[in-house]
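The numbers here are math on the coordinates, done by the rules we state, and not lab data. These numbers come from a predicted model, not from an experiment. Cβ placement follows ideal geometry from the backbone for every residue including glycine, while neighbour counts extend to all protein chains displayed.
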Amino acid sequence: MARRVLPGLPLALGITLVYVSIIVVLPLSALVYKAASLGFEDYWRIVSSGRALASYRVTALSALAATAFNLVFGFALAWVLVRYRFPGRRFIDALVDLPFALPTAVAGIALTALFAPNGWFGSILGEAGITVAYTPLGIMIAMAFTSLPFIVRTIQPVLEDLDPALEEAAQSLGGSDASIFARVILPLLTPAILAGVSLAFARSLGEFGAIIFIAGNQPFSTEITALLAFIRLEEYDYQAAAAIASVLLITAFLMLAVTNILQARALRYTARG
Amino acid sequence: MKIRLDTVVKTFDTFRAVHGVSLEIESGELVALLGPSGSGKTTILRMVAGLEYADGGKIYFGDEDATDIPVRDRGVGFVFQHYALFPHMTVAENIAFGMKVSKVKRSKAEIAARVADLLRLVKLDGLGERFPGQISGGQRQRVALARALAVDPKVLLLDEPFGALDANVRRDLRRWLREIHEELAITTLFVTHDQEEALDLADRVVILKDGKIVQQGTPEEVCREPNSPFVMGFLGDTNRLPANVSGGRAVVGNAALPAPGVADGKAEIFVRPSDLDWTEHGDGVPAKILRVIDRPDGRRLLAATDQGETLELDVAPEIQAKAGDEGFVTVRRGRIFAAG
């Protein structure tokens, strides 16, 4: 191995591996071990029960909708923060991190208060015939709130580093704003967008605190998967809790794998030849 | 296409980048905008391109007032200093970009044929499928040029086109750009801070300082008849000697030079190192050698005069000299400007 300027590779690597093992790998292994102790038939019965299936459905669809919403809104926010200078820009920039900093339960209670039928937003929306609290729409809003920073903070730095000369070059070649956006800006942002989307989606799938206050938690309609696992835990049915949690885990792994493949494809041009 | 700038002004915040510049570039001419950084040369180029708008004055393309035409409709090819190639597109896709986004629809086969022609023109056949990250700096600059030429621009504009390249690559690309210019005869304006590049490449050199044109002319004119100490100093190494002018002769040390048309009184003589000579006896400025620098084509002597000024002389390799020698510096020719 080539000599490095900074010493301490064995020590640094050792600490990293121990840390990752204790904090990440060990709990996940315990989870898999617990779920595996069920035997295939019992496992399958638990994870494919009607109530579990309904929870996957509402969780996945809400997460999808929340991520789609954040993709549009978060992209616009990142764009405005990077491309324009206006009074209050720094304040809005700081505000983006609020969902990271706020305890999710606090966010959930605040959202519930706002969107409850007698709340500020809820009463107005109620007149228009839209109910948010205690419906999948409420779950979606809670997920969108907590996962917004992932999209903004992954797109923002890449957008900042985009060489303005690229857009000038495209303009001098006769490109319209729309074609420059579609052919130059968007492809260069794609890897960052994919990273942001996958993080936001994963966060939405696993979100718990912000959702349970606003969701109503009715089995078969507004009960999310994380809550179902929590209920099994409360019932001291650890194996069932582990089984349901393992479904979330597998989904998260699959999604990360797909995102990595897509990202690698989008970054093909950086490979040296 | 002939380009004409009429008293163009550009101000950034409070900084005046360009002060009323007027300039004409004939159709098919290759013109260099030469100046130190901050002289406004890039701003002028960007205004001609339409990447900046003039605050005052007019820019004409032929007879058409192009001052307010946006860059995408102006029909210029712009080559950026750092190439600005689209990193996610192959070389061929980069070159095809302008044709693909054009309002004039072209078939795929047409575009492919034109890309192949341009790759041949810039001597990059066979590299069409590479990405910009996989080719060298010189190759990237050639791709940038091919991309700019692909849209049949009326005018070609280059911003420090060879600034980021090695000296050898730079010299080759310069000659090659000159060849392409002769082949296509497209009106070309380029910006550089490198006088050698400007003199080597351009039909005409426009020298700028602080947002104003100081002098313009053919390389021969600006080299032989520099109109100011600034131009003299900017185009190459220069020595400055104080002199006294009386009756059309400039006296320097115990020698004199003809100084026709210079008013009597104090003056300064500007002399290239190669126009100074070293003798141990004779007429000239008494001096002492501080250092000798040997070069493949001769020797450069650094000598201090009695007044404490340091002179640089380029002398023939046979001249025997070493640090500490005392002798005389003679002036073969110089340009005399009244002291300002």
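Brief remarks on what is shown
- Region B:51-77 - residue that is closer than 23 Å to A:D177 by Cβ and basic (K, R) and, of those, nearest to the other protein chains (Cβ to nearest Cβ): B:R72
- When we screen A:L77, A:L11 for residues that are exposed (fewer than 13 other Cβ atoms within 10 Å of the Cβ), over 20 Å from A:L249 (Cα atoms) and among the hydrophobic types (A, V, I, L, M, F, W, C), the only hit is A:L11.
- Any hit, region B:216-232, residues being within 14 Å of B:R332 (Cα to Cα), crowded, with 19+ Cβ neighbours inside 10 Å and not polar (S, T, N, Q): no
- Listed conditions (1) in contact with a helix residue (DSSP H, G or I) (Cβ under 6 Å, 6 or more places away or on another chain); (2) away from chain B (no Cβ under 14 Å); (3) on the phi < 0 side of the Ramachandran plot are all met by A:F220, apart from (3).
- Number of the condition not met by B:K103 [criteria: (1) at the interface with chain A (Cβ under 10 Å from one of its Cβ atoms); (2) surrounded by fewer than 16 Cβ atoms within 10 Å (Cβ to Cβ); (3) farther than 23 Å from A:S176 by Cβ]: (3)
- Condition check for B:V115: within 13 Å of chain A (Cβ to nearest Cβ) and among the β-branched types (V, I, T): no
- Failed condition for A:F213, given (1) under 15 Å from A:M143 (Cβ atoms); (2) within 14 Å of chain B (Cβ to nearest Cβ); (3) aromatic (F, W, Y): (2)
- Scope region A:42-58; condition touching a residue at least 40 places away in the same chain (Cβ under 8 Å) and more than 24 Å from the chain's Cα centre (by Cα); matching residues: A:D42, A:Y43, A:I46, A:G50
- Scanning region A:173-192 for residues that are more than 7 Å from chain B (Cβ to nearest Cβ), more than 28 Å from the chain's Cα centre (by Cα) and crowded, with 19+ Cβ neighbours inside 10 Å gives a single hit, A:I180.
- A:R232 meets the conditions (1) away from every other protein chain (no Cβ under 14 Å); (2) under 30 Å from B:A144 (Cβ atoms); (3) not hydroxyl-bearing (S, T, Y) in every case but one. The failed one is (2).
- Helices (runs of 4 or more DSSP H) fully within region A:111-199 counting 3 or more residues that are within 24 Å of B:P70 (Cβ to Cβ): A:164-172, A:177-180
- The set of residues in region B:178-199 that are in a loop (DSSP other than H, G, I, E, B) and touching a strand residue (DSSP E or B) at 6+ places or on another chain (Cβ under 6 Å) contains only B:I186.
- Pairs with Cβ under 6 Å, 6+ apart, first in region A:151-172 and away from chain B (no Cβ under 12 Å), second in a helix (DSSP H, G or I) and not hydrophobic (A, V, I, L, M, F, W, C): A:I151/A:N70; A:I151/A:G74; A:I151/A:G196; A:V152/A:G74; A:T154/A:G196; A:I155/A:G196
- Residues that are away from chain A (no Cβ under 14 Å) and touching a residue at least 60 places away in the same chain (Cβ under 8 Å) within region B:148-182 comprise B:R178, B:H181, listed in sequence order.
- Strands (runs of 3 or more DSSP E) contained entirely in region B:210-275, each with at least 2 residues that are free of Cβ contacts under 8 Å to residues at least 60 places away in the same chain and under 30 Å from B:G40 (Cβ atoms): B:212-217
- Within region A:237-273, the set of residues being within 14 Å of chain B (Cβ to nearest Cβ), over 18 Å from the mean Cα position of the chain (by Cα) and not β-branched (V, I, T) comprises A:A264, A:R265, A:A266, A:L267, A:R268, A:Y269, A:A271, A:R272, A:G273.
- Candidate set from region B:78-98 (those that are more than 7 Å from chain A (Cβ to nearest Cβ) and surrounded by 22 or more Cβ atoms within 10 Å (Cβ to Cβ)); member that is farthest from the chain's Cα centre (by Cα): B:A96
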